[in-house]
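Structure first, then comments.
The values are calculated or read from the model by the stated rules, or taken from the named source; none is laboratory data. Just so it is clear, the structure is predicted and the values come from calculations on it, not from any experiment. With ideal geometry, Cβ positions are generated from the backbone for all residues, glycine too; neighbour counts draw on all protein chains shown. Keep in mind that these areas ignore ligands, DNA and RNA; they rest on the heavy atoms of the full protein, side chains included. Shrake-Rupley method; radii C 1.70, N 1.55, O 1.52, S 1.80 Å.
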2 protein chains.
Amino acid sequence: MSNTTVENIILGCLSFGPRSGYEIKKIISMSSSWFYNASYGSIYPILKKHEDNGLVSSEETVDNGRYKRIYQLTPKGYKVFEKWMLESPKLMTVKYEMAVKLMFFAHLKPGQRIKQVEQHIEQLILFKQELEEIEPYAASEGDFYQRLILDWGENLYSFLIEWFGKFLDELKNNSGDVPINSKTRE
Amino acid sequence: MSNTTVENIILGCLSFGPRSGYEIKKIISMSSSWFYNASYGSIYPILKKHEDNGLVSSEETVDNGRYKRIYQLTPKGYKVFEKWMLESPKLMTVKYEMAVKLMFFAHLKPGQRIKQVEQHIEQLILFKQELEEIEPYAASEGDFYQRLILDWGENLYSFLIEWFGKFLDELKNNSGDVPINSKTRE
DNA sequence: TAAGAATATAGCAAAATGATATATAAGGAT
DNA sequence: ATCCTTATATATCATTTTGCTATATTCTTA
């Protein structure tokens, strides 16, 4: 059985150096949560599993009187991580509730359609601003790629804002109505 | 407790008319799977739950000698669906393994980077072609919106293909290498 | 007429989420 | 000094979801 993506992300985070479960969660929250998230409920059991399989080793430390378990990649773990890096990635999966609602938009009244799209665009703009405020996590390694991914995210949200903006214009030009059964668009 | 998105999608599918669990899965696979998917393991238990809550009613039918349970929205179910349609949608969640790999791209050799990005662009192009071949499911209601969503999908994948294309050009111009610790991009 | 594709439902292990619980340390406010 | 909040750190658990397998019938096509 091959590792899951989250299992490999954890190996990847440890490739930056030894980290605690809490720190791994922080790396993921700060740099990858908007394109691949993981919760404590995944991270801690996976760290245990990785240790059982010899992919990571751990050491109980005391830092300022506080108990802390630090995990580290083993050579075997690094090999597994490297192998995964060369595999063809899984296709993207998206869960986009607004697109689902679009499927059933015919049920809404024209004014409700305009309001929904306007609110959604506001949400997208807010999220894009949050992205723009993120500073890359890793100081040295992978710094260029951290910035690259942020660039990707900003471009993705720009695309969404633009696309829904055009749709909103169309709705407004038709007072919230759209051609029924129109066979072509633009 | 409010319904989950999948629970609402099922109500939405039934808003097009009475359907069996199998037909609901087909609607989702054919029209929304690339932005919100659901498996039989979700659909059948949810239909039962909806019936227990009085949101749908069902009838056991025999069609060409084949057993079939047809589900239908109740007025209560339609109200729940309508209420959900007016709520602010949840933010998009994305699971994009290629973006994760980008995080750790510094570990790859220049040639490996170029190969990975090339392969990914091929995947994206293939998927976009599949999208272009989809014909909207609903014949009458929501036809415009089915096409709109397909338009959105095609634009989204065009954006991804373009973005990774630019990145590939950059990699090739630097023989797979990228500036380390560069503070700005472009 | 036999293979295989499509229709139809059911069940389950594994994975993931989201939430809660617990506890300590650090920092600022009153 | 004491209180409150935030950050660090780990653990657990019910619910949801996925992906897979099993089962059975009918329709299509070679």
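Can you confirm whether B:LYS49 is within 12 Å of DNA strand D (Cβ to nearest atom), open to solvent by 30 Å² or more (accessible area, probe 1.4 Å), part of a loop (DSSP other than H, G, I, E, B) and not small (Gly, Ala, Ser)? Step through it out loud before you land on a result.
Working: within 12 Å of DNA strand D (Cβ to nearest atom): yes; open to solvent by 30 Å² or more (accessible area, probe 1.4 Å): yes; part of a loop (DSSP other than H, G, I, E, B): no; not small (Gly, Ala, Ser): yes.
So B:LYS49 does not fit the description; no.
What pairs come up if the first residue lies in segment A:22-42 and is facing chain B (nearest Cβ under 10 Å) and without any contact (Cβ under 8 Å) to a residue 40 or more places away in the chain, the second is assigned to a loop (DSSP other than H, G, I, E, B) and open to solvent by 50 Å² or more (accessible area, probe 1.4 Å), and their beta carbons are under 7 Å apart, counting only those six or more places apart or on different chains?
What qualifies is A:ILE28/A:ASN37.
Quick one: in segment A:83-92, which of the residues that are within 7 Å of another protein chain (Cβ to nearest Cβ) and within 16 Å of DNA strand C (Cβ to nearest atom) is nearest to the chain's Cα centre (by Cα)? Can you show your working first?
Going residue by residue through segment A:83-92, those that are within 7 Å of another protein chain (Cβ to nearest Cβ) are A:85-86, A:88-92.
Narrowing the set further to residues that are within 16 Å of DNA strand C (Cβ to nearest atom) leaves A:89-92.
Values: A:PRO89: 15, A:LYS90: 14, A:LEU91: 14, A:MET92: 11 Å.
Ranking the candidates gives A:MET92 first.
Among the residues of segment A:1-19 satisfying the criterion of being open to solvent by less than 10 Å² (accessible area, probe 1.4 Å) and within 23 Å of A:VAL62 (Cβ to Cβ), which is farthest from DNA strand C (Cβ to nearest atom)? Walk me through it before giving the result.
We begin by selecting, within segment A:1-19, every residue open to solvent by less than 10 Å² (accessible area, probe 1.4 Å); these are A:5, A:8-14.
Filter once more, so that each one left must be within 23 Å of A:VAL62 (Cβ to Cβ): A:13-14.
On the way: A:CYS13: 14, A:LEU14: 16 Å.
Ranking the candidates gives A:LEU14 first.
Return the total of residues in segment B:1-21 being outside any loop (DSSP other than H, G, I, E, B) and in contact (Cβ under 8 Å) with a residue 24 or more places away in the chain. Give the steps one after another, and end with the answer.
Initially, segment B:1-21 is screened for residues outside any loop (DSSP other than H, G, I, E, B), giving B:5-14, B:19-21.
Going one step further and asking which of them are in contact (Cβ under 8 Å) with a residue 24 or more places away in the chain, we end up with B:5-12, B:14, B:19-21.
Residues that pass the stated criteria total 12.
What number of residues within segment B:20-35 are farther than 22 Å from B:THR61 by Cα, open to solvent by less than 20 Å² (accessible area, probe 1.4 Å) and either within 13 Å of DNA strand C (Cβ to nearest atom) or among the polar types (S, T, N, Q) (or both)? Give the steps one after another, and end with the answer.
Pass one, segment B:20-35, residues farther than 22 Å from B:THR61 by Cα: B:28-35.
Restricting the remaining residues to those that are open to solvent by less than 20 Å² (accessible area, probe 1.4 Å) gives B:28, B:31-32, B:35.
Next cut, either within 13 Å of DNA strand C (Cβ to nearest atom) or among the polar types (S, T, N, Q) (or both) only: B:28, B:31-32.
Summing the residues that are farther than 22 Å from B:THR61 by Cα, open to solvent by less than 20 Å² (accessible area, probe 1.4 Å) and either within 13 Å of DNA strand C (Cβ to nearest atom) or among the polar types (S, T, N, Q) (or both) in segment B:20-35 gives 3.
Does A:SER42 count as over 29 Å from A:ARG147 (Cβ atoms), within 14 Å of DNA strand D (Cβ to nearest atom) and polar (S, T, N, Q)?
Details: over 29 Å from A:ARG147 (Cβ atoms): no; within 14 Å of DNA strand D (Cβ to nearest atom): yes; polar (S, T, N, Q): yes.
In short, no.
Restricting the search to segment A:29-39, which residues are assigned to a helix (DSSP H, G or I) and more than 12 Å from DNA strand D (Cβ to nearest atom)? Let's see the steps before the verdict.
Our first condition is that a residue be assigned to a helix (DSSP H, G or I); within segment A:29-39, this holds for A:29-32.
Once the filter is applied, which keeps residues that are assigned to a helix (DSSP H, G or I) and more than 12 Å from DNA strand D (Cβ to nearest atom), segment A:29-39 yields A:SER31, A:SER32.
Spot the failing condition for B:VAL80; the list is (1) farther than 30 Å from B:GLU132 by Cβ; (2) within 14 Å of another protein chain (Cβ to nearest Cβ); (3) surrounded by fewer than 18 Cβ atoms within 10 Å (Cβ to Cβ), and only one is missed.
It fails just one condition, (3).
Please find, among B:TYR67, B:TYR71, the residue that is in a strand (DSSP E or B), within 23 Å of B:SER33 (Cα to Cα) and of a type outside the set (Val, Ile, Thr). Break it down into steps so the answer makes sense when it comes.
Values: B:TYR67 fails: within 23 Å of B:SER33 (Cα to Cα).
B:TYR71 is the lone residue from the list that is in a strand (DSSP E or B), within 23 Å of B:SER33 (Cα to Cα) and of a type outside the set (Val, Ile, Thr).
If B:VAL56 meets every condition in (1) at pLDDT 90 or above; (2) more than 10 Å from chain A (Cβ to nearest Cβ); (3) more than 30 Å from A:LYS115 (Cβ to Cβ) apart from one, which number is that one?
Answer for B:VAL56: the failing condition is (3).
Out of (1) modelled with pLDDT under 90; (2) at the interface with chain B (Cβ under 7 Å from one of its Cβ atoms), what's the single condition that is false for A:ASP63?
For A:ASP63, the exception is condition (2).
Check A:LYS83, A:LYS26 and return the single one that is farther than 30 Å from A:PHE127 by Cα and either within 8 Å of DNA strand D (Cβ to nearest atom) or outside any loop (DSSP other than H, G, I, E, B) (or both). Give the steps one after another, and end with the answer.
Numbers: A:LYS26 fails: farther than 30 Å from A:PHE127 by Cα.
Being farther than 30 Å from A:PHE127 by Cα and either within 8 Å of DNA strand D (Cβ to nearest atom) or outside any loop (DSSP other than H, G, I, E, B) (or both) holds for just one of A:LYS83, A:LYS26, which is A:LYS83.
Conditions first: (1) open to solvent by less than 10 Å² (accessible area, probe 1.4 Å); (2) modelled with pLDDT under 85. B:VAL100 passes all but one, so which condition is the exception?
(2) is the only condition that B:VAL100 fails.
Could you please give the count of residues in segment A:7-48 that are farther than 21 Å from A:ILE134 by Cα and of a type in the set (Asp, Glu)?
The total comes to 1.
Can you tell me which residue among A:LYS109, A:LYS95 is among the charged types (D, E, K, R), more than 7 Å from chain B (Cβ to nearest Cβ) and open to solvent by 50 Å² or more (accessible area, probe 1.4 Å)? Step through it out loud before you land on a result.
Numbers: A:LYS95 fails: more than 7 Å from chain B (Cβ to nearest Cβ).
It is A:LYS109.
Could you grab the pairs with beta carbons closer than 6 Å, sequence gap of 6+ or different chains, first residue in segment B:110-124 and under 17 Å from A:TYR145 (Cα atoms), second one open to solvent by 40 Å² or more (accessible area, probe 1.4 Å)?
From segment B:110-124, the pairs are B:PRO110/B:SER175; B:PRO110/B:ASP177.
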